[in-house]
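Visitor: Okay, handing you the structure first.
The values are calculated or read from the model by the stated rules, or taken from the named source; none is laboratory data. From a predicted model like this one, the values you see are computed outputs, not experimental measurements. Cβ: placed from backbone, ideal geometry, glycine included. Neighbour counts: every protein chain shown.
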C-alpha cells in the first residue's frame, strides 16, 4: 500500500489587486526542490474539514523550492490556510 502524502496550504495565489481563492499554494512534506515537486503535477488533492471536502488538482510549480499550485473546483475558505491537505491519487 502506498504511503499517504500530506501538505500544508500556505496561501492563495495573489496578484497586485486580487486574490484567487480557487488557486492555493501548497507545500508538501519531503518535496523541497522543483525536480521532486514536478512529479506531483496532475495528482488530485483533497482538503477536508468537519462538514465538507474540497477536491483540487496540482497544476504547476510555484518557484524552485518545491511549492505547487493547486486549482480547486470551488474556492476554499480562509480557514483552510495553514491546514493539511492529502494527495488522493
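Visitor: At pLDDT 90 or above, touching a helix residue (DSSP H, G or I) at 6+ places or on another chain (Cβ under 6 Å) and farther than 16 Å from residue 4 by Cα: is that true of residue 35 in this structure?
Guide: No.
Visitor: Inside the range 61-82, can you point out the residues that are loosely packed, with under 13 Cβ neighbours inside 10 Å and in contact with a strand residue (DSSP E or B) (Cβ under 7 Å, 6 or more places away or on another chain)?
Guide: Answer for the range 61-82, where residues must be loosely packed, with under 13 Cβ neighbours inside 10 Å and in contact with a strand residue (DSSP E or B) (Cβ under 7 Å, 6 or more places away or on another chain): 73, 74, 82.
Visitor: Next question. Identify all residues within the range 46-83 that are over 12 Å from residue 23 (Cα atoms) and under 9 Å from the mean Cα position of the chain (by Cα); write none if there are none.
Guide: 46, 47, 67
Visitor: If you check 54, 31, which single one turns out to be crowded, with 16+ Cβ neighbours inside 10 Å and over 17 Å from residue 12 (Cβ atoms)?
Guide: That would be 31, the only listed residue that is crowded, with 16+ Cβ neighbours inside 10 Å and over 17 Å from residue 12 (Cβ atoms).
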